[in-house]
Amino acid sequence: MELKIAIVGCGKAAERHLKIYQALQKEENLKVTAVADVNIEKAKSFAQVLSARPYTDFQEMLKKEDIDVVDLSVPSGLHAKIGKVILKKFKKHLLVEKPLALTLKSAYKLLDLAERLNLKVVTIFQNRANLPVIKLKELLDKKVFGKLVLISAKFYWSRSQKYYDSGAW
């Protein structure tokens, strides 16, 4: 059975997903069949790369397309609102860019809704795959630091001004 995926939002985060989906479609049993973005040119660009159909309205897309999972990559302030529609109205599993929601209450509401509907919600935390994080996890598992009751860690990432100017944050 082929897993059918739709992407909602074609911004910076989705650009990283695009590269991953390109590779996975060649080797795994999945297919991105449709993409939606309010900017039709972005949707068309993604659609062309993935051999998918472009839309400007995610609800229209989900009405017309046979989809199993929605990759939600819209601005973070819209995750809970759009995620709720995707779960409640369209009954689709959800892959959400971080953060799941802007408040803990909104996140729990989304997770509770998914559980009631027997749907899955997965949040992407890409830094789990970063080498320092993996190494720290290994050290914690080996109890190198002894019994810990609290951990506070700071990670610093440097971004150029171009990065911040590139999106409608």
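Every read-out reported here was derived from the displayed coordinates using simple, explicitly stated rules and does not represent laboratory data. Model, not experiment: these values are computed from the prediction. Note: ideal-geometry Cβ built from the backbone for every residue, glycine included; neighbour counts use all protein chains shown.
Across the range 24-33, computed HN-Hα scalar couplings (Karplus, 6.51 cos²θ - 1.76 cosθ + 1.60, θ = phi - 60°) run 5, 4, 6, 10, 10, 8, 9, 8, 7, 9 Hz from first to last residue, x flagging Gly and Pro.
In this structure the amide hydrogen of residue 3, modeled in the peptide plane, comes within under 5 Å of the amide hydrogens of 30, 31, none closer than 5 places in sequence on its chain. Cross-link partners of residue 105 among aspartates and glutamates, defined as those whose alpha carbon lies under 17 angstrom from its own and excluding same-chain residues fewer than eight positions apart: 115.
By counting other Cβ atoms within 10 Å of each Cβ, how are 7, 40 ranked from fewest to most? Intermediate results must be reported in sequence, preceding the final value.
Working: 7 28, 40 14.
Listed from fewest to most nearby Cβ atoms, that is 40, 7.
If R₀ is 41 angstrom, what is the calculated FRET efficiency for the pair residue 141 and residue 65, using the beta carbon separation as r and rounding to 0.05? Calculated value: 0.45. For the range 49-72 versus the range 1-43, the spacing of their alpha-carbon centroids is 9 Å. Out of the GluC sites (Glu not before Pro) in the range 1-49, which ones are loop residues according to DSSP with at most 12 other C-beta atoms within 10 Å? Qualifying residues, ordered by number: 2, 28. Of [x] 8.8; [y] 12.3; [z] 13.1, which one was derived for mean projected area of the Cα convex hull in nm² from the structure shown? So the structure-derived entry is [y]. Taking 19 Å as the cut-off for C-alpha to C-alpha distance, list the pairs among 12/42; 44/91; 19/89 that go past it. Where the Cα-Cα span goes over 19 Å, the pairs concerned are 44/91; 19/89. Candidate cross-link partners of residue 147 among the lysines, defined by an alpha-carbon separation under 22 Å and a same-chain spacing of 8 or more, comprise 135, 137.
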